[in-house]
Amino acid sequence: MQSEQVLVVARQKIASYLAFCPKGLVRDHETIMTLLQTIDRDAIFRDRPEAERDPFFKQIIPYVTMFNKDSVLMIRRKKKQTEERLHDRYSIGHGGHINPQEGKQGYRLIEAELQRELFEELSLTPDNYSLKLCGVINDDKTDVGSVHLGLWYIAETKSEEFKTQEPEKIEGSWASQQDVLEKYDRLETWSQIVVNNLWKGPKTWSGKNA
C-alpha cells in the first residue's frame with residue numbers, strides 16, 4: 001500500500017526566518033509572505049511515515065481557529081485519532097496535512113486542502129466561513145512541533161451548525177474564552193500558542209474578542 005504523501009519544506013530553506021521564533025507565532029507580514037513564497041517554490045511531497053521522523057523537514061499544516069461571535073470552536077482529540085501524541089488533548093485549531101491534488105500547487109493547493117480538511121473534519125464548506133491568514137506557528141521544543149509548521153488562520157462563521165465527521169476520533173463544541181482558558185493546560189501546544197496571542201498576550205484577531 002502506498003504511503004500518504006504530505007507537503008514538506010526543508011528546514012534549511014526557512015531556518016533564517018524562524019531563528020528568532022523557536023516556539024511561538026511569527027506575525028510579521030513580510031516574513032509570512034516570504035515564508036509562503038519559499039514554500040511555494042521549494043516544498044516537495046514525502047511519505048508521511050518518513051516525514052514524521054525527520055526533523056530536517058517541516059510538514060506544512062493549515063491550522064484554523066473558528067469563531068462564531070464570541071465563541072470559539074474547541075475540540076477534543078480521542079484515542080482513535082491518528083496522531084497518538086495528541087490523544088485526549090483539546091484544540092482550537094482545525095486542519096491537517098496537505099496532500100497532492102491534481103492541477104493544484106502552491107497556495108492554491110494549500111487553500112484547497114484547508115477547505116477539504118474543514119469539510120472532512122467539521123462538515124463546513126467555504127460558503128460557511130471567511131478566512132484570514134494571521135501568522136505562522138513554529139515549535140521546535142516538542143517532538144510533534146519539530147516536524148510541523150503551522151499556517152494559522154482565523155475563520156469567522158455566522159452559523160453555529162457543524163458536525164464532526166469522525167465522532168469516534170474527535171468531539172467538539174462552541175466554547176467561551178473562559179472555557180478555553182480553563183482547559184489551557186490540556187490544550188495541544190499549538191493551541192496554547194494561539195491562546196497566548198488571542199487572550200494572554202498581544203492580540204492578532206480584530207473581532208469582538210480582540
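The values are calculated or read from the model by the stated rules, or taken from the named source; none is laboratory data. Treat the numbers as computed from the prediction; the structure is a model and nothing was measured. Positions of Cβ are generated from backbone atoms using ideal geometry, with glycine treated the same way; all protein chains shown enter the neighbour counts. In case anyone asks, the SASA skips ligands and DNA or RNA and just uses the protein heavy atoms, side chains included. Shrake-Rupley method; radii C 1.70, N 1.55, O 1.52, S 1.80 Å.
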Q: Starting from residues that are under 14 Å from Arg41 (Cβ atoms) and assigned to a strand (DSSP E or B), keep the ones in the range 1-15 and report whichever is farthest from the chain's Cα centre (by Cα).
A: Ala10
Q.
Can you tell me which condition Asp47 does not meet? The list is (1) in contact with a helix residue (DSSP H, G or I) (Cβ under 6 Å, 6 or more places away or on another chain); (2) open to solvent by less than 70 Å² (accessible area, probe 1.4 Å); (3) not hydroxyl-bearing (Ser, Thr, Tyr), and all the others hold.
A. (1)
Q. Got a sec? Which of Thr164, Thr142 is open to solvent by less than 50 Å² (accessible area, probe 1.4 Å), within 28 Å of Arg46 (Cβ to Cβ) and touching a helix residue (DSSP H, G or I) at 6+ places or on another chain (Cβ under 7 Å)?
A. Thr142
Q. Among the residues of the range 18-30 satisfying the criterion of being open to solvent by 80 Å² or more (accessible area, probe 1.4 Å) and touching a residue at least 24 places away in the same chain (Cβ under 8 Å), which is farthest from Ile110 (Cα to Cα)?
A. Lys23
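Matching residues to (1) at pLDDT 95 or above; (2) aliphatic (A, V, I, L, M):
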position	(1), (2)
Arg76	no, no
Ile98	yes, yes
Gln101	no, no
Gln105	no, no
Leu109	no, yes
Phe119	no, no
Asn128	no, no
Val136	yes, yes
Q) List the pairs whose first member sits in the range 31-47 and is touching a residue at least 12 places away in the same chain (Cβ under 8 Å) and of a type in the set (Asp, Glu), whose second member is outside any strand (DSSP E or B) and open to solvent by 30 Å² or more (accessible area, probe 1.4 Å), and whose Cβ atoms are under 6 Å apart, counting only residues at least 6 apart or on separate chains? A) Asp42/Lys13; Asp47/Ser3
Q.
So, in the range 150-161, how many residues would count as being under 18 Å from the mean Cα position of the chain (by Cα) and either open to solvent by 30 Å² or more (accessible area, probe 1.4 Å) or under 15 Å from Arg77 (Cα atoms) (or both)?
A. 1
Q) Quick one: Lys58 ticks every box in (1) within 14 Å of the chain's Cα centre (by Cα); (2) within 28 Å of Ser159 (Cα to Cα); (3) of a type in the set (Lys, Arg) bar one, so which box is it? A) (2)
Q: Note down all Cβ pairs under 6 Å where the first residue falls in the range 103-122 and is closer than 22 Å to Gln165 by Cα, the second is in a helix (DSSP H, G or I), and they're at least six residues apart or on different chains.
A: Gln115/Pro126
Q: Please give the number of the condition Arg108 fails out of (1) closer than 14 Å to Tyr153 by Cβ; (2) open to solvent by 10 Å² or more (accessible area, probe 1.4 Å).
A: (1)
Q) Can you tell me how many residues in the range 122-177 are under 19 Å from Thr189 (Cα atoms) and touching a Gly at 6+ places or on another chain (Cβ under 6 Å)? A) 3
Q | the range 141-159 residues that are closer than 15 Å to Glu50 by Cα, paired with ones that are part of a loop (DSSP other than H, G, I, E, B) and modelled with pLDDT under 90 (beta carbon under 6 Å, 6 or more apart) | A | none
Q. Can you tell which of Gln101, Gln105 is among the polar types (S, T, N, Q) and either within 25 Å of Leu122 (Cβ to Cβ) or in contact with a Phe, Trp or Tyr (Cβ under 7 Å, 6 or more places away or on another chain) (or both)?
A. Gln101
Q.
Yes or no: the range 52-63 includes at least one residue that is surrounded by fewer than 21 Cβ atoms within 10 Å (Cβ to Cβ) and touching a Gly at 6+ places or on another chain (Cβ under 7 Å).
A. no
